[in-house]
Amino acid sequence: SFKKNRGKADSLQQGFVAAHGKIVITMDADLQDDPNEIPRFIKKIEEGYDLVSGWKYIRHDPISKTLPSKLFNYATSFVSGIRLHDFNCGFKAYRSEVLKDINLYGDLHRYIPALAHQLGYKGTEIRVKHYPRKFGKSNRPWLLAERPRLRPSTCSDEQDGSRNVPGDFRRPTTS
């Protein structure tokens, strides 16, 4: 535990170190996510993915939060080569080995999918329900974090049937 708030990345890192399960689920404590969706994340892990990221497809936040988020997601997707709509969604599932290979600090929690991809892990994204915030507040809705150096992928992506959600973070090749 920390004597003062040290940020989301440090908190997640401490939680990852303390976790003992084969699958680790993260979600924010502001009640904007629905824990009833956890089985969907686990199903994707059981299908062979190492990381499953939530996508707040219908988002209940003010434009002061959604617009910077859209810009961040577009820029991060472009630079990293990962086809992901919602890098900042805290609702995620991981195989424990992914978390053992990643060391978080600063604002790196925003880039976990990109870091995992860089290490060779396979990820996907699923649409999740998102509810209006009732508790807590965003500490830095205006901040666009610095980007780590990432190399683009040249692997193809898959589709997840009826939901038309990317099945793999990697962009399709154009060859």
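Residue-by-condition table, conditions (1) open to solvent by 40 Å² or more (accessible area, probe 1.4 Å); (2) closer than 24 Å to Ser11 by Cα; (3) touching a residue at least 60 places away in the same chain (Cβ under 8 Å):
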position	(1), (2), (3)
Pro62	yes, no, no
Lys70	yes, no, no
Leu84	no, yes, yes
His117	no, yes, no
Arg127	yes, no, yes
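For (1) hydroxyl-bearing (Ser, Thr, Tyr); (2) modelled with pLDDT of 95 or more; (3) crowded, with 19+ Cβ neighbours inside 10 Å, each residue gets a yes or a no:
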{"position": "Tyr105", "(1), (2), (3)": "yes, no, no"}
{"position": "Leu108", "(1), (2), (3)": "no, no, yes"}
{"position": "Tyr121", "(1), (2), (3)": "yes, yes, yes"}
{"position": "Arg133", "(1), (2), (3)": "no, no, no"}
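Scanning the range 86-99 for residues that are open to solvent by 40 Å² or more (accessible area, probe 1.4 Å) and of a type outside the set (D, E, K, R) yields a total of 1.
Could you grab me the full set of residues in the range 22-62 that are polar (S, T, N, Q) and in contact with a helix residue (DSSP H, G or I) (Cβ under 7 Å, 6 or more places away or on another chain)? Those that are polar (S, T, N, Q) and in contact with a helix residue (DSSP H, G or I) (Cβ under 7 Å, 6 or more places away or on another chain): Thr26, Ser53. When Ala93, Ala75 are checked against the criterion of being within 14 Å of the chain's Cα centre (by Cα) and not hydroxyl-bearing (Ser, Thr, Tyr), a single residue qualifies: Ala93. Here Ser80, Ser64 are screened, and the one residue that is closer than 21 Å to Lys134 by Cα and not charged (D, E, K, R) is Ser64. Would you check which residues across the range 32-57 are in contact (Cβ under 8 Å) with a residue 60 or more places away in the chain, closer than 21 Å to Tyr121 by Cα and part of a helix (DSSP H, G or I) and list them? Answer for the range 32-57, where residues must be in contact (Cβ under 8 Å) with a residue 60 or more places away in the chain, closer than 21 Å to Tyr121 by Cα and part of a helix (DSSP H, G or I): Arg40, Phe41, Lys44. Check the range 149-169 and report whether any residue there is touching a Phe, Trp or Tyr at 6+ places or on another chain (Cβ under 9 Å), open to solvent by less than 90 Å² (accessible area, probe 1.4 Å), among the hydroxyl-bearing types (Ser, Thr, Tyr) and at pLDDT 50 or above. Scanning the range 149-169 turns up no residue that is touching a Phe, Trp or Tyr at 6+ places or on another chain (Cβ under 9 Å), open to solvent by less than 90 Å² (accessible area, probe 1.4 Å), among the hydroxyl-bearing types (Ser, Thr, Tyr) and at pLDDT 50 or above. Residues that are touching a Leu at 6+ places or on another chain (Cβ under 8 Å), touching a residue at least 40 places away in the same chain (Cβ under 8 Å), farther than 21 Å from Leu12 by Cα and open to solvent by 80 Å² or more (accessible area, probe 1.4 Å) are absent from the range 135-147. Across the range 6-31, the number of residues qualifying as open to solvent by 70 Å² or more (accessible area, probe 1.4 Å) and in a helix (DSSP H, G or I) comes to 3.
The values are calculated or read from the model by the stated rules, or taken from the named source; none is laboratory data. All of these numbers come straight from a predicted model, not from anything done at the bench. Don't worry about glycine lacking a Cβ; one is built from the backbone with ideal geometry, like all the others, and counts go over all protein chains shown. Just so you know, the surface numbers come from the protein's heavy atoms only, side chains and all, with ligands and any DNA or RNA stripped out. Shrake-Rupley method; radii C 1.70, N 1.55, O 1.52, S 1.80 Å.
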